[in-house]
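Reviewing the structure listed below.
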Amino acid sequence: MTRKIVAYKALPTDVEAYLRDHAEVVNVDPKDHAAFVAALKDADGAIGASVKISSDMIEGAKRLKALSTVSVGFDQFDVEDLTRRGIVLTHTPDVLTESTADTVFALILASARRVVELAEWVKEGNWKASIDETLFGVDVQGKTLGIVGLGRIGGAVARRAALGFRMNVLYTNRSANEQAEKEYAAKRVELDELLAQSDFVCLQVPLTPETRGLIGANELKKMKPSAILINASRGPTVDEHALIEALKNGTIRGAGLDVFEHEPLPADSPLLAMKNVVALPHIGSATHETRHAMARNAAENLIGALDGTLTRNIVNRDVLAR
């Protein structure tokens, strides 16, 4: 029987050709929920991104052996349920590290130097004379950066901060990051200390029950009034209502955000009216080079999982012990 793969995201031509060399590929628009679920029923594997796949969607999908997400995050899946069903879930954690870290640092610089606000100010014809201090930004060089979650991307941000901008790096993490401590003089501290001492607080944690709402009103109050919050991880790690209040009240200076509680960000969100907010449309890894590499990596993950040869990029390794 020919293997069948459901692709629920448009893939580069060469990546789809690679998959077709190994299986029959059925392209499905996930917005057509019924067609998507029907396609999964007799599929061996599926590849895509940014679509929630719930347990009821794969009920009766007896042939399904592997799901491959073209992303590092996997909060769209019920991992425990997949493991119970013996379905391997794979992701692409390595290939997007550098491009996402670039995005994080772009948010740091844009927020500190008011780049977006002032670029619009110039385009609106307001530049009539030398700017005064009401339009000044703040330095990044030599400041303290607190990174909540020093994994791959957090480590890449720390490298840019310490080596490129001579920043002091504080971090919280489940375990010590010895490489970052040795190479970037990063110091591991408790979250409260990180919030109190950092000029920039950068979130780099996955979305889990423990990290949902990690930064709320109490945490924002612990930050310096001059501090800037940077979030390019997952929107729900921050209590968005509390953040809006903190930005309105001057509890913190500003925010650089690539992710939000609801995406796309609603047009009536108060965040869009705030000059002290840089809001991006979840572009963390959105470069031509990185997205192509992610798609290729996800395709190779899927074929490796179906062949039983994959040893890395597996979210639920417990399934291999079954």
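Every read-out reported here was derived from the displayed coordinates using simple, explicitly stated rules and does not represent laboratory data. It should be emphasised that the depicted structure is a prediction, and the values quoted were computed from it without experimental measurement. Methodologically, a virtual Cβ is constructed for each residue, glycine included, from the backbone with ideal geometry; neighbour enumeration extends over all protein chains shown.
Share of Cα-Cα pairs in region 1-95 beyond 21 Å, in percent?
Working: 1127 of 4465 pairs.
Beyond 21 Å sits 25 percent of the P(r) for region 1-95.
Can you tell me what the convex hull of the Cα atoms of region 97-279 projects to on average, as an area in nm²?
Details: hull surface 42.4 nm².
Averaged projected hull area, Cα only: 10.6 nm².
Taking the chain as a Gaussian network of alpha-carbon nodes connected by springs under 10 Å, the highest mean-square fluctuation of the residues Ala180, Ala35, Ala66 belongs to Ala35.
Taking 30 Å as the cut-off for C-alpha to C-alpha distance, list the pairs among Lys221/Lys275; Lys123/Lys224; Lys9/Lys222 that go past it. Pairs exceeding 30 Å: Lys123/Lys224; Lys9/Lys222.
Could you rank the peptides 198-207, 119-128, 243-252 by their average count of other C-beta atoms within 10 Å per residue, with the highest value first? Before the final figure, lay out the partial values.
Working: 198-207: 23.8, 119-128: 10.0, 243-252: 17.1.
Per-residue mean Cβ counts within 10 Å order the peptides as 198-207, 243-252, 119-128.
Rank these for me by crowding, Arg84, Arg160, going from fewest to most other beta carbons within 10 Å.
Numbers: Arg84 14, Arg160 18.
Placing the least packed residue first, the sequence is Arg84, Arg160.
Look at the alpha carbon pairs under 8 Å that are at least 6 residues apart: their mean separation over the length of the chain gives a relative contact order of 19 percent.
Which of Ser226, Ser233, Ser269 comes first, and how do the rest follow, when ranked by fewest Cβ neighbours within 10 Å? Let's see the in-between values first.
On the way: Ser226 12, Ser233 27, Ser269 17.
Going from least to most buried by this count: Ser226, Ser269, Ser233.
Working note: Cα atoms of the chain, range along each principal axis, descending, whole Å: 72, 46, 33.
Between Ala273 and Val122, the C-beta separation translates, for a Förster distance of 22 Å, into a calculated FRET efficiency of about 0.65.
For a Förster distance of 22 Å, can you work out the FRET efficiency between the beta-carbons of Asn27 and Thr287, rounded to the nearest 0.05? Intermediate values should be presented prior to the final figure.
Numbers: r = 24 Å, r/R0 = 1.09.
Result of the calculation: an efficiency of 0.35.
Taking 8 Å as the Cα distance limit and 6 or more residues as the minimum spacing, I'd like the relative contact order of region 97-279 as a percentage. Intermediate results must be reported in sequence, preceding the final value.
Numbers: 326 pairs, mean separation 37.3, N = 183.
Computed value for region 97-279: 20 percent relative contact order.
Using the Cβ-Cβ distance between Thr2 and Asn218 with R0 set to 51 Å, the FRET efficiency works out to roughly 0.35.
Each stretch of four or more DSSP H residues adds -39500 (n - 2.57); spread over every residue of the chain, this sum gives -10000 deg cm²/dmol at 222 nm.
Take every DSSP beta bridge with both residues inside the chain and express the antiparallel ones as a percent of the total, to the nearest 5. Around 5 percent antiparallel, to the nearest 5. Summary of the geometry: region 301-316 and region 193-257, compared by the centres of their Cα atoms, lie 36 Å apart.
Each peptide in 103-115, 45-57 was scored by the mean count of other Cβ atoms within 10 Å over its residues; highest first, the order is 103-115, 45-57. Annotation: amide H-H contacts under 5 Å for Lys187 (H modelled 1.01 Å from N, sequence separation of 5 or more, or interchain): Val169, Leu170, Tyr171. Rounded to the nearest whole Hz, the Karplus-based 3J(HN,Hα) values (6.51 cos²θ - 1.76 cosθ + 1.60, θ = phi - 60°) of region 132-140 follow the sequence 9, 5, 5, 10, 5, x, 10, 5, 9, with x at glycine and proline.
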